[in-house]
Amino acid sequence: MDRKELSSITRGVQTIGGYLKSLPLSSGVYRMISDEDEVLYVGKAKALKSRVASYTHFEKLPDRLKRMVSMTSKMEFINTHTEADALILEANLIKKYKPRFNILLRDDKSFPHILLKQDHEFPQIIKHRGAKTISGQYFGPFPNAGDVNRVISLLQRAFLLRNCSDSYFKNRKRPCLQYHIKRCSAPCAGKIRVEEYAQQIKGAQDFMQGKSRAVQERLSAEMSRASEQMDYESAAFIRDRIAALTSIQAKHDMNSDIDDCDVIALTQSDGISCVQVFFYRSGQNLGNRSYFPRHDKNECVDAIFSAFIAQFYQNKPPPKNVIVNEAMQGKFLLEEALSINIVLPKRGKYKRAMDFALNNAQQALTRYLALSDTRLKMRTNIAGLFDMDETPRRIEVYDNSHISGTNMVGAMIVEGEEGFQKKSYRKFNIKQAGKGDDYAMMREVLSRRFKNGFEAENWPDLLLIDGGAGQLSACKEVLEELGILNQLTLVAIAKGADRNAGREKFFMLGREMFQLPMNDPALHYLQRLRDEAHRFAIGSHRARRAKAFTASPLDNISGIGAKRKKALLMHFGSAKAVQSASVDGLEKVDGVSKSLAKKIYDYFH
């Protein structure tokens, strides 16, 4: 251990020890913070003083915590009434700060539900995500939007429910296409009475609540009656409705005898964890999702499982029962904090459901590790191709998009060791570059990206630029000015003759232009990165262009909000008329003072 490391350790231990005199023996949450004000770790404690004191016994700490202590320059504390409160607060702060030394659930999106709205005499069926503030009946959660869309489509076929908005419904006089393709009963056009539609809604509710057999038996009886009366067209229609319900059952095992619960299985391999979550509601398996929480390779399963459950339910309501495959020391604390029952099944239906979930988790982890190995091999090939000393951990790819110099946008995408990091993507609205000057655009984008520096873990190893020798030279100038040219590898990738894929040309500083064979896997990998940057750049440009279509020059004047903007347009009739108005004329508008009228006039003149 060198003198610098010893000094950091001593400073960290002294910093932590300095807080002990003032800390209580009550529960709370603590944060460890670096010199750069980065939150390194968030922890909870039943007794803050005892827990924090454990970090001063440096020789007993694992290597991960030793690094954390050596980086700590200050701490912050929050006292709580109970340890359960501390658990909830800890999960909230971990989600907020994403500390590098915590176990972290990286995908924290809320799950979509199916909503049957109840604020209309002809209720609407829609997909809903977020807080349950709309009056109606919610079914879910579903693991992804695709499942919700598919089930809604099948429920429309089975029960002919409308999914149009209330405003659209109000303004319809004739049935829309949904009626003609037999996915809606057209209540907007009076094709069904309120009472009949209510029966359809009741059928959908019963089906989603697990009463599928009764619903299908009722439809089968209707089909038999229609057939006996030789109304074969109606019988065929009911048959198709039954088929739609059968399709949902086949996907979601709707005759399952599992009560409302989440089945959570964790498995590990090579220091990587996979957590598989299955959602069971009203006798239905609504689907599953895989998670790969970030944690140290030596972290124990107990800590990973406890942290996952606490963070997973931080922004979503849990069911009454949570079925797990591993025992946890913090079980009772989690049950108290989240108002749930955590069950480790030994036999019966829950054990069968857990075995099924665990098998899925093991398969998902195998696929994940295989993909990681492939990605690692590809990155190793890239390192050799571009003469890099080490395999790149973070790759940033840049592209620009515009039409004849208008609505110019620069885009940056990031690929990390686990694939595309979409939360790190950035777009840059070009402000200074001349119209259509691609070199100036690239200079502006890189200047804005790099001018404030980075935290170490966000430093790119490889920069890929969509362009040729000119773009490479422009980027070189920027990186030289910032003094970081030698700290990363810069590569420009240009489309070949006729812009055909496979004929790309590569440009690097100090090397002649080179190309790769069309069947080279490294070329396909680089094309995929370039194409993702191109997709993101075009999407950002289209969004900016669409916004520009509805923009008004009044939007750029400080002090002009939506209310004053509306008053000006109502008074003068158009933004062009506002532009031509005098100061006295502007003053006559409600809410426009003399000083604001002068500001508006000066802006246009």
Checklist entry - Out of the residues in segment 6-22 that are closer than 14 Å to residue 74 by Cα and of a type in the set (A, V, I, L, M, F, W, C), which is modelled with the lowest pLDDT? => result 9
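Is one or more of the residues making up segment 16-31 among the small types (Gly, Ala, Ser) and crowded, with 19+ Cβ neighbours inside 10 Å? Can you show your working first?
If we filter segment 16-31 for residues that are among the small types (Gly, Ala, Ser), which is where we start, we get 17-18, 22, 26-28.
In the following step, the residues that additionally are crowded, with 19+ Cβ neighbours inside 10 Å were identified as 27-28.
Scanning segment 16-31 turns up at least one residue that is among the small types (Gly, Ala, Ser) and crowded, with 19+ Cβ neighbours inside 10 Å.
Anything in segment 576-587 that is part of a loop (DSSP other than H, G, I, E, B) and modelled with pLDDT under 80? List them, or say none.
None; the set is empty.
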Item to check | Scan of segment 280-330 for residues that are within 21 Å of residue 368 (Cα to Cα), in contact with a Cys (Cβ under 9 Å, 6 or more places away or on another chain) and not in a loop (DSSP other than H, G, I, E, B), ordered by number | outcome: 290, 291
Checklist entry - Within segment 357-411, which residues are of a type in the set (Ser, Thr, Tyr) and either within 18 Å of residue 439 (Cβ to Cβ) or in a strand (DSSP E or B) (or both)? => result 398, 401, 404, 406
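Would you point out which residue out of 283, 271 is on the phi > 0 side of the Ramachandran plot and crowded, with 18+ Cβ neighbours inside 10 Å? It would help to see each step written out before you state the result.
On the way: 271 fails: crowded, with 18+ Cβ neighbours inside 10 Å.
Step by step, each of 283, 271 is checked, and only 283 is on the phi > 0 side of the Ramachandran plot and crowded, with 18+ Cβ neighbours inside 10 Å.
Return yes when residue 167 is in the same structural domain as residue 148 (by TED's automatic domain parsing), part of a helix (DSSP H, G or I) and among the polar types (S, T, N, Q) and no when it is not. Can you show your working first?
On the way: in the same structural domain as residue 148 (by TED's automatic domain parsing): yes; part of a helix (DSSP H, G or I): yes; among the polar types (S, T, N, Q): yes.
So residue 167 passes the test.
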Item to check | Test result for residue 493, surrounded by 13 or more Cβ atoms within 10 Å (Cβ to Cβ), farther than 30 Å from residue 394 by Cβ and either in contact with a Leu (Cβ under 9 Å, 6 or more places away or on another chain) or at pLDDT below 80 (or both) | outcome: no
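Among residues belonging to segment 445-459 that are out of contact with any helix residue (DSSP H, G or I) (no Cβ under 8 Å at 6 or more places or on another chain) and surrounded by fewer than 22 Cβ atoms within 10 Å (Cβ to Cβ), point out the one that is modelled with the lowest pLDDT. Can you show your working first?
Step one: list which residues in segment 445-459 are out of contact with any helix residue (DSSP H, G or I) (no Cβ under 8 Å at 6 or more places or on another chain), which gives 445, 448-449, 452-457.
Remaining after also requiring surrounded by fewer than 22 Cβ atoms within 10 Å (Cβ to Cβ): 448-449, 452-457.
On the way: 448: 85, 449: 86, 452: 62, 453: 54, 454: 51, 455: 49, 456: 45, 457: 53.
Going through the qualifying residues, I end up with 456.
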Next on the checklist: Among the residues of segment 205-226, are any polar (S, T, N, Q), surrounded by fewer than 17 Cβ atoms within 10 Å (Cβ to Cβ), closer than 25 Å to residue 260 by Cβ and not assigned by TED's automatic domain parsing to the domain that holds residue 284?
Outcome noted: yes
Next on the checklist: Among the residues of segment 531-542, what is the count of those that are surrounded by fewer than 21 Cβ atoms within 10 Å (Cβ to Cβ), at pLDDT below 90 and either under 13 Å from residue 395 (Cβ atoms) or hydrophobic (A, V, I, L, M, F, W, C) (or both)?
Outcome noted: 1
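Out of 145, 189, which single residue is of a type outside the set (Phe, Trp, Tyr) and either at pLDDT 85 or above or farther than 25 Å from residue 112 by Cβ (or both)?
Details: 145 fails: either at pLDDT 85 or above or farther than 25 Å from residue 112 by Cβ (or both).
Within the list 145, 189, the selection yields 189.
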Checklist entry - Checking residue 76 against (1) out of contact with any Asp or Glu (no Cβ under 8 Å at 6 or more places or on another chain); (2) part of a helix (DSSP H, G or I); (3) modelled with pLDDT of 90 or more, which test does it fail? => result (2)
Checklist entry - Hey, does segment 208-231 have a residue that's assigned to a helix (DSSP H, G or I) and within 15 Å of residue 123 (Cβ to Cβ)? => result yes
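Here's the yes/no breakdown for (1) surrounded by 14 or more Cβ atoms within 10 Å (Cβ to Cβ); (2) in a loop (DSSP other than H, G, I, E, B); (3) in contact with a strand residue (DSSP E or B) (Cβ under 9 Å, 6 or more places away or on another chain):
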| site | (1), (2), (3) |
| --- | --- |
| 109 | no, yes, no |
| 114 | yes, no, yes |
| 119 | no, yes, yes |
| 122 | yes, yes, no |
| 127 | yes, no, yes |
| 141 | yes, yes, yes |
| 151 | yes, no, yes |
| 155 | yes, no, yes |
Checklist entry - Does segment 299-306 include one or more residues that are surrounded by 19 or more Cβ atoms within 10 Å (Cβ to Cβ), of a type in the set (Gly, Ala, Ser), out of contact with any Asp or Glu (no Cβ under 9 Å at 6 or more places or on another chain) and not assigned by TED's automatic domain parsing to the domain that holds residue 46? => result yes
Checklist entry - Across segment 32-55, which residue is surrounded by the most Cβ atoms within 10 Å (Cβ to Cβ) among those that are of a type in the set (A, V, I, L, M) and under 17 Å from residue 12 (Cα atoms)? => result 32
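Kindly provide the set of residues from segment 65-89 that are closer than 23 Å to residue 294 by Cβ and surrounded by fewer than 16 Cβ atoms within 10 Å (Cβ to Cβ), ordered by number.
Pass one, segment 65-89, residues closer than 23 Å to residue 294 by Cβ: 65-72, 75-76, 86-89.
76, the sole residue that qualifies.
In the list 213, 241, 281, which residue meets the criterion of being farther than 30 Å from residue 307 by Cβ and modelled with pLDDT of 80 or more? Let's see the steps before the verdict.
On the way: 213 fails: modelled with pLDDT of 80 or more; 281 fails: farther than 30 Å from residue 307 by Cβ.
Only one candidate qualifies: 241.
The values are calculated or read from the model by the stated rules, or taken from the named source; none is laboratory data. Nothing here was measured: the structure is a model prediction, and the numbers come from that model. Cβ sites come from the backbone with ideal geometry, for glycine too, and all protein chains shown count toward neighbours.
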